[in-house]
Amino acid sequence: MSTQVVCPTSSSVRHIKPISVTRSRKSIILHEDKWIQSDLKYLPAVSRDDQAAAIALASIAEAPVPRAVAHHAVRQAQDATSNLADASPRSAASADLLEPTGSKVTQPNKGKARATRSPSSTSSGLSRKASHRGPGKEAREKQDAIREQWKARAKAIETPRGTQANDFHLFVMSWVRNEVTPYPDDAWAALVAIAIDRSFVQVKHWFSNQRQVAARKGTSRLEDVETVTVDGRSFRLWRKVVESSGPWSDEHFDAALQEVIRGQQAKYEAQLAAMI
């Protein structure tokens, strides 16, 4: 802001030439090439006129600068600095070499974008995990219900007490014991009972008796048994079948059992046809 100041200091001074003054918080610039610090109480000047003007300016400088004026002065200084930088090819080139102008704008935007996307990506990740856990739990509950149905069907099969197992029964049960596992759980024992149409209790007793006989004879071969997980349950299977067939499941066991039964039935039918 420029101000014209006329300050008579004595009666001998009839007229003092107006002086253009630029004020700021720290200094006062006299546009007659005179630099006067605002914190000095006595300001020497070349002439009486200059001295009078300097004293007046010192008193003016002690007054607080309005906020609007200070803000305007800062903006003028910033504009002047930017104009000098634009006018200097060297400074512009140096600024380009140090960092592109666009990067100063895009980097905060990228950070804000990441901060904005982060909650949504986190929520989507949580929703994916929840959706993954939901069907898994439902599938396990469905499998449990199916296994209960197998056991109910097997327990409904009635075989007269003391009925001996025939060759077909022995073949299927021996295949399960020798090729898959000597420790079928209730669900797999139920599948065997349904497949050969024999009492669930009699099938379980047969496997239990075979384990006891092997223990007495020392032929259990427990070192060849490997504990694995089958549909969330701990199972003891022969290591050879684990290595050859890979992961087992209830569906896998049922399919293998049905294939063995079909093959054995075809063999018996061929033998009967030859006898006739």
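Of the peptides 215-224, 143-152, how do they stack up when ordered by the mean number of other Cβ atoms within 10 Å, highest first?
The packing order, highest mean first, is 143-152, 215-224.
Would you pull out the residues with amide H under 5 Å of V230's amide H, same chain only if 5 or more places away, H placed 1.01 Å from N?
Residues meeting the amide H criterion: F235.
What number comes out for the charge environment of P184, summing +1 per Lys or Arg and -1 per Asp or Glu over other residues with Cβ under 13 Å away?
With Lys, Arg at +1 and Asp, Glu at -1, the neighbours total +2.
With a/c under 1.5 counting as rounded, go ahead and sort region 177-276 into rounded, prolate or oblate using the C-alpha gyration tensor (a ≥ b ≥ c being the square roots of the eigenvalues; past the cut-off, prolate if a/b is larger than b/c, else oblate).
Prolate, since a/c reaches 1.5 and a/b exceeds b/c.
Stretch Q164-V228 to full length: gain in nm at 0.36 nm per residue minus the Cα-Cα span?
Going from the current span to full extension adds 19.7 nm.
Separation between the D186 and K217 pseudo-spin-labels, each 7 Å from Cα along Cα→Cβ, expressed in nm?
3.0
Calculate the FRET efficiency for E148 and R262 from the Cβ-Cβ distance with a Förster distance of 22 Å, rounded to the nearest 0.05.
0.25
Read-outs throughout are calculated quantities, based only on the coordinates presented, and are distinct from any laboratory measurement. Source: prediction; values computed, not measured. Methodologically, a virtual Cβ is constructed for each residue, glycine included, from the backbone with ideal geometry; neighbour enumeration extends over all protein chains shown.
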